[in-house]
1. Only one residue in 161, 140 is more than 15 Å from the chain's Cα centre (by Cα) and under 24 Å from residue 9 (Cα atoms). Which one?
2. Out of the range 4-36, which residues are surrounded by fewer than 17 Cβ atoms within 10 Å (Cβ to Cβ) and under 24 Å from residue 127 (Cα atoms)?
3. Please enumerate the residues belonging to the range 90-149 that are crowded, with 20+ Cβ neighbours inside 10 Å, more than 17 Å from residue 164 (Cβ to Cβ) and without any contact (Cβ under 8 Å) to a residue 60 or more places away in the chain.
4. Taking only the range 1-29 into account, find how many residues are under 15 Å from the mean Cα position of the chain (by Cα) and either closer than 20 Å to residue 82 by Cα or not in a loop (DSSP other than H, G, I, E, B) (or both).
5. Go through the residues of the range 87-104 one by one and say whether even a single one is out of contact with any helix residue (DSSP H, G or I) (no Cβ under 6 Å at 6 or more places or on another chain), closer than 26 Å to residue 172 by Cβ and in a strand (DSSP E or B).
6. Here's a check for you: in the range 31-43, which residue that is over 15 Å from the mean Cα position of the chain (by Cα) and either without any contact (Cβ under 8 Å) to a residue 60 or more places away in the chain or assigned to a strand (DSSP E or B) (or both) is nearest to residue 62 (Cα to Cα)?
7. Of everything in the range 121-156, what is outside any loop (DSSP other than H, G, I, E, B) and at pLDDT below 95? Give them in sequence order.
8. Name the single residue, out of those in the range 62-86 being in a helix (DSSP H, G or I) and in contact with a strand residue (DSSP E or B) (Cβ under 8 Å, 6 or more places away or on another chain), that is surrounded by the most Cβ atoms within 10 Å (Cβ to Cβ).
């Protein structure tokens, strides 16, 4: 695994544990030579994880729409910064550049991004690990909703089972690697169909 797309908040959140987890994940990614692919911002948890990756000698690739560059929220010290025109272009480039995806705490933008990736996996457009860094139980209620959708017949149980959930950044990265190893042969066979 060479890169992970991370979706997270443009705010830091009400509890400092979110920033601590972002810093820890960024440090571990750099240590394990896994590049960060993210939304390109210098604010909130986005800025926190990018700064942690860079401080630990890692690679940080940002993808940001011009409208956000114009608002001066672009991180200008990244390894690579790609400026695109639309949010759709941003998500497509992040998907193409990432071997796996992690949702850290965030708001509507984070929910939108991770749900789109889950849907692409469900439709067979991609086959890449999807994980939630469930810091402080942040995603408990969302995962309860997913479980409710399974119980009501709107989401298949195996699709729910494919979501990686972990509150420890180190264990999260290991689970992503394990999932990627288990599914690599499946995806090669699936594409041949």
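The values are calculated or read from the model by the stated rules, or taken from the named source; none is laboratory data. This is a predicted model, so every value here is computed, not measured. Note that we place each Cβ from the backbone using ideal geometry, even for glycine, and neighbour counts take in every protein chain shown.
1. On the way: 161 fails: under 24 Å from residue 9 (Cα atoms).
Result of the check over 161, 140: 140.
2. Hits for the range 4-36 are 32, 33.
3. 90, 91 - these are the residues of the range 90-149 that are crowded, with 20+ Cβ neighbours inside 10 Å, more than 17 Å from residue 164 (Cβ to Cβ) and without any contact (Cβ under 8 Å) to a residue 60 or more places away in the chain.
4. Result for the range 1-29: 18.
5. yes
6. The extreme case among them is 42.
7. 121, 122, 123 - these are the residues of the range 121-156 that are outside any loop (DSSP other than H, G, I, E, B) and at pLDDT below 95.
8. The extreme case among them is 68.
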